[in-house]
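The values are calculated or read from the model by the stated rules, or taken from the named source; none is laboratory data. None of the values given here were measured: they were computed from a predicted structure. Cβ atoms come from the backbone with ideal geometry, glycine included; neighbour counts cover every protein chain shown. Accessible surface areas use protein heavy atoms only, side chains included; no ligands, DNA or RNA. Shrake-Rupley method; radii C 1.70, N 1.55, O 1.52, S 1.80 Å.
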Amino acid sequence: MRIDPAGFPFIVGALAVAAVAGAAGGWLFALLPIVFAAFFAFFFRDPERQVPAASSDDVVLSPADGKVLFAGPAMADAAPPGSWQQVSIFLSPTDVHVNRVPASGRVTRIILTKGRFLPAYRREAATVNERSEIWIDHQGQTIVARQIVGILARRVVCRLKEGAPVRAGQRLGIMKFGSRMDVFVPENAAIVVQFGEIVRGGETVIAVLH
C-alpha cells in the first residue's frame, strides 16, 4: 500500500519514540507509540483507484472518499460568485484523505485562505475555515474543488500549480485528520449523487456536464 509523503514525519516520529521508550523501559512502553505509528500509516494510505474510462469527457468525479453532506443548487453564502450546483463530501478520520482531481482540464487558479477550524460538517465551515480552492477549466466550463479543514484536520496540502494540465482522478493533495471537500459545477450540470451516499475519490461520478 502506498503511503502519502505527508505521513512520513508522523510515522517516523512515532517509531522513533517507540524505539527510545522500548530501549528505556521495555516493549510495553513502546506499545502506545507503535499503535500511533500504525494509525498514521492507515490514515495516510494512498490506494490506487480505477478511474472510469469516460472521465476524459463530461463526467465529474468525486475528489474524495466520504459521505455526501449536500447535493443540489449551491448554497449562496458558501459558493464562489456565480450560479453553481454543489456537492459537499465529509471525510471521517477513517476515510482515505488523499484528494483527486474531479475533471480533466487546466488549473486556472489556486486560492489558499487562512481561517478557523470549525467542525467540517457545519455550513459556515465553507467560508470561515482554512481552505484551498482549485479552479479547473474543462473545455470552457469551470469546475471548482475546495479543500476545507475541520476541527481535527489542521492543514490542507495542494500539490497542483496554476496553469498545469490535469486529468480526472489524478492525485491533487491531501487533508489531514478529518475534513470536507466541496465541488462546484455549472448550474446546468446534472448532479447524480444524493445526500448520505458514500463516494470514492477518483471513481464515483458525482455530476455530468452539458
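How many residues are assigned to a loop (DSSP other than H, G, I, E, B), open to solvent by 60 Å² or more (accessible area, probe 1.4 Å) and aliphatic (A, V, I, L, M) when one looks only at the stretch 52-82? So the answer is 1. On the stretch given as the stretch 182-210, residues that are open to solvent by less than 40 Å² (accessible area, probe 1.4 Å) and farther than 19 Å from Ala79 by Cβ total 5. For the stretch 1-39, filtered to residues that are without any contact (Cβ under 8 Å) to a residue 60 or more places away in the chain and part of a loop (DSSP other than H, G, I, E, B), the residue that is farthest from the chain's Cα centre (by Cα) is Gly26. Identify, please: which residue in the stretch 145-159 is among the aliphatic types (A, V, I, L, M), closer than 20 Å to Gly7 by Cα and open to solvent by less than 10 Å² (accessible area, probe 1.4 Å) and is, among those, modelled with the lowest pLDDT? Among those residues, the one meeting the criterion is Ala153.
Of the residues Thr142, Thr113, Thr127, Thr204, the single one that is modelled with pLDDT of 95 or more, more than 16 Å from Asn99 (Cα to Cα) and hydroxyl-bearing (Ser, Thr, Tyr) is Thr142. Consider Thr108 carefully, then state whether it is surrounded by fewer than 15 Cβ atoms within 10 Å (Cβ to Cβ) and either within 30 Å of Gly13 (Cα to Cα) or within 13 Å of the chain's Cα centre (by Cα) (or both). Against the criterion (surrounded by fewer than 15 Cβ atoms within 10 Å (Cβ to Cβ) and either within 30 Å of Gly13 (Cα to Cα) or within 13 Å of the chain's Cα centre (by Cα) (or both)), Thr108 does not qualify.
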